[in-house]
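J.: One structure, pasted below without further comment.
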Amino acid sequence: MRHLLRPLDFTTDELERLFDLAGDIEKNPSKYAHMCNGKILATCFYEPSTRTRLSFESAMYGLGGQVLGFSDAGSSSATKGESVSDTIRMISCYADICAMRHPKEGAPMVAATKASIPVINAGDGGHQHPTQTLTDLLTIRSLKGRLNNFTIGLCGDLKFGRTVHSLINALVRYDNVKFIFISPEELKIPEYVKEMLIEMDIPFKEVIRLEEVMPELDLLYMTRVQRERFFNEEDYVRLKDFYILNKEKMELARKDMLVLHPLPRVNEISVEVDEDERAVYFKQVQYGVYVRMALILTLLELV
Ligand code: CP
């Protein structure tokens, strides 16, 4: 039995197979429409979500399976003090596979040690978000045709943004990927990430001004400032609008640069940018469903 807790849980060859499967699902959805008949997905979300939870649910319904779960810790027995370890033992009796989001880093990993079904980390605190990374990689591979030889700018809250930490973890395995970290001083990428890049001899630089590096980028990965991870509201208010990608800034970019964003967006991308064909964050959402369908089939060993 396999789980998905970190992006590195799958080798790059396994990821290739997963992305090929996602591509086939996109082209031939009817071929897969009954593959999960009789199977149940549990979505245990102790933190708010729109995309991750609903895309998992959409994925399972698209495969002919069924879904149960909770979308709010407050409506679960966590409020009575039940541990994640005990909850997953119950869930293992009710479902065949579980996607779990939790504010505590490592909670899905703890669940996996007690589960008798595959557990998928759907985001744990500021740590990792591996299925968002699968979504990001599939989007890049589908729209750029490759997962190597590019410069990616990661912009915004690089301190708390788990999607950024996960994506870097996954991209270091591909050749000739250069990183440019664009953030205010207070939201810089954690030291342990930089240490890893130095150890692996992977080029990166840190800048504060987005305009300065726009012409260098093949990909721009925008992120929102993670309000829920701040200790005080004052700091959040001061930093929340530090970056606003608008038409003017897009003019500095290459004609084939792509803008990704894990969403939700707050103010960091002006809505006027949505019309730009380089803005692919809504396409990214659709890829998220295909890749989660492929992941469910793979973890349930149905392909
Ligand atoms: N990208 C993402 O994780 O979105 P949600 O928080 O809405 O699931």
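J.: Report, in deg cm²/dmol and to the nearest 500, the calculated mean residue ellipticity at 222 nm for the chain, where each DSSP H run with n ≥ 4 adds -39500 (n - 2.57) and the sum is divided by the residue count.
T.: Only helices count here, giving -11500 deg cm²/dmol.
J.: Among 238, 209, what is the fewest-to-most ranking by other Cβ atoms within 10 Å?
T.: Fewest-to-most ranking of 238, 209: 209, 238.
J.: Same structure, new question: I'd like the Karplus ³J(HN,Hα) series for segment 204-216: coefficients 6.51, -1.76, 1.60, θ = phi - 60°, whole numbers in Hz, and an x wherever there's a Gly or Pro.
T.: 8, 9, 10, 9, 9, 8, 5, 3, 4, 10, 3, x, 8
J.: How much FRET efficiency would the formula 1/(1 + (r/R0)^6) give for residue 201 and residue 13, where r is the Cβ-Cβ distance and R0 is 25 Å, rounded to 0.05?
T.: Efficiency, rounded to the nearest 0.05: 0.65.
J.: Identify which of 33, 122, 42 has the largest mean-square fluctuation in a Gaussian network model of the chain, with springs joining Cα atoms closer than 10 Å.
T.: Most flexible of the set in this elastic network: 33.
J.: On to the next question. Collect residues whose amide H, placed 1.01 Å from N in the peptide plane, falls under 5 Å from the amide H of residue 129; neighbours closer than 5 in sequence don't count.
T.: Sorted by chain and number, the residues that satisfy this are 166.
J.: With point charges of +1 on the Cβ of Lys and Arg and -1 on the Cβ of Asp and Glu, referenced to the Cα centre of the chain, which listed residue (32, 257, 287) lies farthest in the positive direction of the dipole?
T.: Final value for the positive-end residue is 32.
J.: Still on this structure, please answer the following. Most fluctuating residue of 183, 270, 116 in a GNM of the chain with Cα springs under 10 Å: which is it?
T.: 270
J.: Right, another one. Please report the relative contact order for the chain, taking Cα pairs under 8 Å with a sequence separation of at least 6, and give it as a percent rounded to a whole number.
T.: 19 percent
J.: Further question on the same structure: Tally Lys and Arg at +1 and Asp and Glu at -1 over the other residues with C-beta under 9 Å from the C-beta of residue 43: what net charge comes out?
T.: +1
J.: Oh, and also: Report the semi-axes of the equivalent ellipsoid for the chain in whole Å, largest first, where each axis is √(5λ) for an eigenvalue λ of the Cα gyration tensor.
T.: Largest first, the chain gives 31, 23, 18 Å.
J.: Taking the simple approach of a point 7 Å from Cα along Cα-to-Cβ for both residue 185 and residue 247, what is their distance in nm?
T.: Simple spin-label model gives 3.5 nm for this pair.
J.: Rank these for me by crowding, 90, 60, going from fewest to most other beta carbons within 10 Å.
T.: Lowest count first: 90, 60.
Any read-out appearing in this document is the output of simple, stated calculations on the displayed coordinates, not a laboratory observation. The model shown is predicted, which means the values in this text are computed figures rather than measured ones. Glycine also receives a Cβ, built like all others from the backbone with ideal geometry; neighbour counts cover every protein chain displayed.
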